[in-house]
Amino acid sequence: MSDLLNVTSSPHVRDKVDTQKVMALVIISLLPASIFGIYNFGVKALVLILVTIGSCVASEWIYERIVHKKNTINDLSAVVTGLLLALNLPHTLPWWQAVLGGVFAIIVVKMLFGGLGQNFMNPALGARCFLLISFTGSMTSFTYDGTTGATPLALLKAGEHVDTMKMLLGTTAGTIGETSVIALLIGAIILILFGVIDLRIPGSYILTFAVFVLLFGGHGFDMNYLVAQLCGGGLMLGAFFMATDYVTSPITPMGKIVFGIILGILTGIFRIFGASAEGVSYAIIFGNLLVPLIERVTIPRAFGIVKEKGGEKQ
Amino acid sequence: MNKIVERLQNGIIKENPTFVLMLGMCPTLAVTTSAMNGLGMGLSTTVVLVMSNLLISLLRNIIPDRVRVPAFIVIVASFVTIVQFLVQGFIPSLYASLGIYIPLIVVNCIILGRAESYASKNPVVPSIFDGLGMGLGFTLGLTLIGIVREILGAGQIFGAQVLPLADAGKAGYTPITIFVLAPGAFFVLAALVALMNVIRAKADAKGKTIAPATGCFAGDCESCSMGSCSGKSSVKADSVAKEEE
């Protein structure tokens, strides 16, 4: 189609942004966290990232080959899925488990439901939960500087003191991409400046979670505890990069805020009342399942339409 | 004799309750954590199915049409109780792992479905073999799902370690635990049904029809258990309309 002369009826799309460009921006914004992860955990982290991306792209290519579908690996969404999944894995994970995670993310969560745009939950998070349930041992053993240690969140859960400065910088144990809050925030700013995401989902998510921690955390107004909860685990990674996934988050402005609030409450419940120290990934995939319902009740009223009285007329 | 073979074939392959009719999904998903559990559940159901088909077929001219469902349920529940006590008495380990799913055989839709659509309209001997075929088909489905889940989730078949597990420093199989948990049941069932459909489609393409999806295509509405089938309901609606006339 010619970009110059294109006669169609309105509405007209004037933007030249397409899926590939959006995905490329997401990849660029994830680079700070990835580079810090590689610096932090060494070359094993780099290998794991490459293996996971390779597994995701290869799964998409092979699946589309087998079922004779149009090849879509050029839209880069499989690369984003692979990168996000890798950032959610501990760097000590055996490579074949990462490959299995990539295959699960692309084939089971995405392609079987119809490919990009049809998946009902975030593929990277679906795969993370699959791996977490299947290989609990290797998914929850974190080493840092050669010693096996607990993540800051686990320490916090056990009632110990954590260094929030280290958590901001990211020099702690954890998954490859979640440790450095600063690196993640740089990426988030890139996404917001380029208009890829808006602040509704991450803002309402993080705010709700903070209020929840203040109310139910059992530590009162302890700033150190609050900051540690906000910077610990996958909250920042999840709030800015995974809860905002276009396919699996509501499209209505009001729905985005409702979605964020639900995620905040769920994460709070999982982290504070649950057995595990972390709950971001479960909260987000659970929220993903509620998206159709949220969209249904938050459809904005068109300008000029009067709301009908009562609920009798349909 | 021909009828007997036809009934067995119908239950095991043509209208396999697990892979074709999709009946009895609750026990199928819940108890197939191992091949042994699947086999035990399948065989318990088979016994109940054969016995209830036998009795219902014998009583088919005595049971009044209006109270047939309560009558069927009483018969089925009696046999389920007998099976439950027998399993509890002789195979306590199986009883412990199947738990609530043995009493729940009463509400298994395969059993009521066969009673309603076959045993209550057909002579005794074909009814017995209809129950046997359906029961074996169910057992086959459950055992297959159980085998796949047990291999992937624990590296075992029928409790025997077939894949050596990875130990500290020793290479081996690392069990994918999700397959013995609830989500794994859905994955394995879906994959096996898809596989069956591929085999069916391949056979169709070669011109060798293994079996149509239901009995509908052969005009065999008598033995069909698909209650919501449009063809069947229209036949019923026609007959009702005629009676009213």
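Observations
- In the set (1) open to solvent by 10 Å² or more (accessible area, probe 1.4 Å); (2) of a type in the set (A, V, I, L, M); (3) within 30 Å of A:GLU160 (Cβ to Cβ); (4) assigned to a helix (DSSP H, G or I), the condition left unmet by A:LEU237 is number (1).
- Within the range A:197-206, restricting attention to residues that are of a type in the set (A, V, I, L, M, F, W, C) and crowded, with 18+ Cβ neighbours inside 10 Å, the residue that is farthest from A:PHE241 (Cα to Cα) is A:ILE206.
- Given (1) within 14 Å of another protein chain (Cβ to nearest Cβ); (2) in contact with a Phe, Trp or Tyr (Cβ under 7 Å, 6 or more places away or on another chain), index of the condition A:ALA188 fails: (1)
- Counting only residues that are at pLDDT 75 or above, open to solvent by less than 50 Å² (accessible area, probe 1.4 Å) and not in a helix (DSSP H, G or I), the range B:174-217 holds 3 of them.
- Some residue of the range B:109-128 being surrounded by fewer than 20 Cβ atoms within 10 Å (Cβ to Cβ), within 13 Å of chain A (Cβ to nearest Cβ) and of a type in the set (Asp, Glu): no
- Among the conditions (1) surrounded by fewer than 24 Cβ atoms within 10 Å (Cβ to Cβ); (2) under 25 Å from A:ILE133 (Cβ atoms); (3) of a type in the set (Ser, Thr, Tyr), the only one that A:SER59 does not satisfy is (1).
- If you filter the range A:9-62 down to residues that are charged (D, E, K, R) and part of a helix (DSSP H, G or I), you find that the one that is modelled with the highest pLDDT is A:GLU60.
- Answer residue from the range A:73-126, given it is among the β-branched types (Val, Ile, Thr) and within 29 Å of A:TYR144 (Cα to Cα) and is surrounded by the fewest Cβ atoms within 10 Å (Cβ to Cβ) among those: A:THR92
- Flag if A:THR175 is surrounded by fewer than 22 Cβ atoms within 10 Å (Cβ to Cβ) and not small (Gly, Ala, Ser): no
- Of everything listed in (1) buried (at least 20 other Cβ atoms within 10 Å of the Cβ); (2) in contact (Cβ under 8 Å) with a residue 24 or more places away in the chain; (3) not charged (D, E, K, R), the single unmet condition for A:GLY149 is (1).
- Among residues of the range A:14-26 that are under 19 Å from A:LEU184 (Cβ atoms), those with a Cβ under 8 angstrom from a residue that is loosely packed, with under 15 Cβ neighbours inside 10 Å, sequence gap 6+ or separate chain, pair up as A:VAL22/A:TYR246.
- Taking the numbered list (1) surrounded by 21 or more Cβ atoms within 10 Å (Cβ to Cβ); (2) within 21 Å of the chain's Cα centre (by Cα) in turn, A:LEU185 passes all entries but (1).
- One residue stands out in the range A:24-44 among those that are of a type outside the set (S, T, N, Q) and within 16 Å of A:ALA124 (Cβ to Cβ): the one that is surrounded by the most Cβ atoms within 10 Å (Cβ to Cβ), namely A:ALA33.
- Restricting attention to the range B:50-64, the residues being within 10 Å of B:ALA119 (Cα to Cα) and not aliphatic (A, V, I, L, M) number 4.
- Output for the range A:109-126, where each listed residue is away from chain B (no Cβ under 14 Å), in a helix (DSSP H, G or I) and under 16 Å from A:GLY279 (Cβ atoms): A:LEU125
- Contacts under 7 angstrom Cβ, first residue in the range B:3-24 being buried (at least 17 other Cβ atoms within 10 Å of the Cβ), partner aromatic (Phe, Trp, Tyr) and modelled with pLDDT of 85 or more, 6 or more apart: B:ARG7/B:PHE129; B:LEU8/B:PHE129; B:PRO17/B:PHE138; B:THR18/B:PHE138; B:GLY24/B:PHE138
- Within the range A:15-23, one or more residues are under 18 Å from the mean Cα position of the chain (by Cα) and open to solvent by 40 Å² or more (accessible area, probe 1.4 Å).
- Applying the criterion of at least 2 residues that are away from chain B (no Cβ under 14 Å) to the helices (runs of 4 or more DSSP H) found wholly in the range A:127-175 leaves A:152-157, A:164-169.
- Scanning the range B:149-192 for residues that are more than 13 Å from every other protein chain (Cβ to nearest Cβ) and more than 25 Å from B:SER97 (Cα to Cα) yields B:GLY169, B:LYS170.
- Taken residue by residue, the range A:67-86 has no member that is within 14 Å of another protein chain (Cβ to nearest Cβ), within 27 Å of B:THR177 (Cβ to Cβ), at pLDDT 90 or above and not in a loop (DSSP other than H, G, I, E, B).
The values are calculated or read from the model by the stated rules, or taken from the named source; none is laboratory data. All figures in this text were calculated on a predicted structure; none of them were measured in a lab. Here the Cβ is made from the backbone with ideal geometry for all residues, glycine too, and neighbour counts use every protein chain on show. With ligands, DNA and RNA removed, areas are computed over all heavy atoms of the protein, side chains included. Shrake-Rupley method; radii C 1.70, N 1.55, O 1.52, S 1.80 Å.
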